[in-house]
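First the structure, in the form of structure tokens, and then the observations on it.
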Amino acid sequence: MSLVDIKSMYLEEIERDFESLSIPKYKAKQVFKWLSKGVESFDEMTDLSIALRNSLKEKYYIASVQIEKKLKSKYDETTKYLFKLNDGELIESVLMKYKHGYSICVSTQIGCKMGCKFCATGLSGFSRDLTASEILSQIQKASADNDIRISNIVLMGMGEPLDNYENVLRFLNIATSVEGINIGMRHISLSTCGVVDKIYSLAEEKLQLTLSISLHAPNDDIRNKLMPINKRYNISELLLACRAYIAKNNRRVSIEYAMIDKVNDSEDCARQLAKLLKDMLCHVNLIPVNSIGTRKNKFEKSKKESIQKFIKVLKYNKIPVTVRRTLGSDISASCGQLKRKGEKYENIC
């Protein structure tokens with residue numbers, strides 16, 4: 001009989017399981033709290049009897065991650081983690097320090113199916129989805145490693161969160177549980193490249209998280225070349241879903257826009273983007289792209305002058321805009337870069 005992933009279970013599910021096993025209901029809450037603290041063995045649950053701990057080992061397992069590699073920026077205290085999972089697979093997380101506290105960018109898949117041309121993760125292919133417990137473990141391990149409380153979560157690491165919808169939704173509910181690590185939903189951001197049907201599903205959940213849309217282009221011609229998902233859901237369909245999400249949740253959507261030199265950073269592109277977003281409750285986050293791609297098709301970050309002109313056009317059209325602060329540039333802090341260092345095609349760029 002295969003063991004059950006207990007850290008991916010809701011408290012109510014553990015309670016029902018325990019009831020069927022004739023284990024007192026209050027023991028479920030004890031176990032759930034231990035799991036939320038990041039224990040990696042039932043033996044660490046010291047307020048449970050040895051007999052119960054041994055019994056739990058026969059039915060459940062506790063997922064965890066181990067630090068394979070850690071890089072700390074000498075500029076801004078950003079820490080990049082390469083984590084090894086129980087099956088030996090590798091994922092990345094980035095811990096960032098801000099004035100308001102610590103944020104962590106976590107992965108939701110091992111690799112990614114979306115194939116965005118400027119993304120290092122996409123160049124590595126796809127292995128599998130992460131479980132809710134494996135997503136949670138990234139936060140717990142980084143928190144324990146630095147002896148800190150992490151107050152903000154960004155689902156913008158390796159993978160497309162909405163392509164792993166059920167596990168991500170389960171993670172969100174466990175992470176925000178008052179009995180667990182208890183991070184407020186408004187302190188969580190979820191980024192998607194535009195899986196439209198799942199955006200509509202997420203809107204119905206009314207979770208009050210921040211939805212970030214990786215748009216990266218002002219028209220379908222450019223986006224088709226950068227992001228294969230656009231051939232399935234074009235910009236018009238994507239923004240229609242965003243407006244539905246806003247209507248359901250009354251939450252501002254963040255529009256992520258990677259600034260790529262001579263690709264999507266012209267003033268005309270800015271005017272097209274402003275027209276798309278007119279009267280929409282949103283905020284544009286410009287991201288100077290990290291150099292990535294192949295020898296044949298390489299992308300470089302926009303020049304400062306181009307970025308400033310782009311901002312000027314958006315502001316003129318009353319579109320809220322900021323440029324993302326660059327963190328961890330000296331430690332390959334963008335998702336997928338650290339994992340690729342150990343792969344055979346590390347010099348592809």
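Return 220, 129, 147 ranked ascending by Cβ neighbour count within 10 Å, so the fewest neighbours appear first.
Numbers: 220 13, 129 18, 147 6.
Listed from fewest to most nearby Cβ atoms, that is 147, 220, 129.
How many nm is it between the label spots at residue 201 and residue 44, if each spot is 7 Å from the Cα in line with the beta carbon?
The two pseudo-label positions are separated by 3.2 nm.
Taking 0.36 nm per residue of separation and subtracting the Cα-Cα distance, what length does fully extending residue 128 through residue 244 add?
Working: separation 116, 0.36 × 116 = 41.76 nm, distance 2.99 nm.
Full extension from residue 128 to residue 244 adds 38.8 nm.
Can you list the chymotrypsin sites (Phe, Trp or Tyr not before Pro) in segment 75-154 that are in a DSSP coil and have 15 or fewer other beta carbons within 10 angstrom?
When the chymotrypsin sites (Phe, Trp or Tyr not before Pro) of segment 75-154 are filtered for loop state and at most 15 Cβ neighbours within 10 Å, 75 remain.
Report, for the chain, the % of DSSP beta bridges that are antiparallel, rounded to 5.
On the way: 23 of 49 bridges.
DSSP beta bridges in the chain are roughly 45 percent antiparallel.
Of the listed pairs 72/198; 29/74; 84/304; 225/312; 25/113; 25/70, which have alpha-carbon separations greater than 31 Å here?
Numbers: 72/198 35 Å; 29/74 41 Å; 84/304 37 Å; 225/312 26 Å; 25/113 41 Å; 25/70 40 Å.
Pairs exceeding 31 Å: 72/198; 29/74; 84/304; 25/113; 25/70.
Can you list the trypsin sites (Lys or Arg not before Pro) in segment 96-153 that are in a DSSP coil and have 11 or fewer other beta carbons within 10 angstrom?
Working: sites: 97, 99, 113, 117, 128, 141, 149; in loops: 99, 113, 117, 149.
Of the trypsin sites (Lys or Arg not before Pro), the ones in loops of segment 96-153 whose Cβ has at most 11 other Cβ atoms within 10 Å are 99, 149.
Any idea what diffusion coefficient segment 66-341 gets from Stokes-Einstein, in µm²/s, Kirkwood Rh on alpha carbon pairs, 20 °C, 1.002 mPa s?
Numbers: Rh = 19.0 Å.
So the translational diffusion coefficient is about 113 µm²/s.
Could you check the simple spin-label distance between residue 262 and residue 325, using points 7 Å along Cα→Cβ, in nm with one decimal?
Result for the modelled spin labels: 3.3 nm.
Suppose a student asked you for the relative contact order of segment 157-298, using Cα pairs under 8 Å spaced at least 6 residues apart; what percent would you report? List each step's numbers first, then the result.
On the way: 179 pairs, mean separation 30.3, N = 142.
It rounds to 21 percent for segment 157-298.
Helices from the chain with mean Kyte-Doolittle at least -1.0 and a Cα length along the axis of 20 Å or more, per DSSP H: which? Don't jump to the answer; show the numbers that get you there.
On the way: long enough: 132-146 (22 Å, -0.37); 235-249 (21 Å, 0.72).
Counting only whole DSSP H runs, the qualifying helices are 132-146, 235-249.
Taking springs between alpha-carbon atoms closer than 10 angstrom, which of 135, 62, 104 fluctuates most in the Gaussian network model of the chain?
It is 62.
Where does each of 284-290, 203-209, 227-233 land if you order them by average Cβ count within 10 Å, highest first? Please report the intermediate quantities before stating the final value.
Numbers: 284-290: 20.3, 203-209: 15.9, 227-233: 18.1.
Averaged packing, sorted descending, gives the order 284-290, 227-233, 203-209.
Dipole magnitude of the chain about its Cα centre, charges +1 at Lys/Arg Cβ and -1 at Asp/Glu Cβ only, in debye to the nearest 20?
On the way: 55 positive and 42 negative charges, 290 e Å.
Charge dipole, the chain, about its Cα centre: 1400 debye, nearest 20.
How would segment 1-76 be classified by its alpha-carbon gyration tensor: rounded, prolate or oblate, with rounded meaning a/c under 1.5 and the a/b versus b/c comparison settling the rest? It would help to have the intermediate numbers written out before the result.
Numbers: a/c = 2.37, a/b = 2.26, b/c = 1.05.
Judged from the Cα gyration tensor, segment 1-76 comes out prolate (a/c at least 1.5, a/b above b/c).
Using only alpha carbons, build the gyration tensor for segment 97-225 and give me the equivalent ellipsoid semi-axes, biggest first, whole Å. Present the calculation step by step, with values, prior to reporting the outcome.
On the way: eigenvalues 127, 55, 43 Å².
Ellipsoid half-lengths, sorted descending, are 25, 17, 15 Å.
For residue 26 and residue 57, calculate 0.36 nm times their separation in residues minus their Cα-Cα distance, and state this gained length in nm to one decimal. Write out the running numbers ahead of the final one.
Working: separation 31, 0.36 × 31 = 11.16 nm, distance 1.84 nm.
Full extension of this stretch gives 9.3 nm more.
Considering only the other residues whose Cβ falls under 13 Å of the Cβ of residue 26, what net charge follows from Lys and Arg at +1 and Asp and Glu at -1?
0
Summing Lys, Arg as +1 and Asp, Glu as -1, what charge do residues with Cβ under 9 Å from the Cβ of residue 289 carry, residue 289 excluded? Display every interim value, and only then the final one.
Numbers: positive: 301; negative: 261, 300.
Local charge sum for residue 289: -1.
log10 I(q)/I(0), Debye, Cα-only segment 209-270, no solvent, q = 0.22, 0.24, 0.26 Å⁻¹?
Debye curve over Cα of segment 209-270, log10 I(q)/I(0) at q = 0.22, 0.24, 0.26 Å⁻¹: -0.92, -1.03, -1.12.
Bin all alpha-carbon pair distances of segment 1-140 at 10 Å intervals from 0 and give each bin's fraction as a whole percent.
11, 34, 29, 19, 7, 0
Looking at the chain as a GNM with Cα springs under 10 Å, which of 66, 140, 308 has the largest mean-square fluctuation?
Most flexible of the set in this elastic network: 308.
We did not get these values from a lab; they are worked out from the coordinates using the rules stated. No experiment lies behind these values; they were computed from the predicted model shown. Note that each Cβ is placed from the backbone with ideal geometry, even for glycine, and that neighbours are counted across all protein chains shown.
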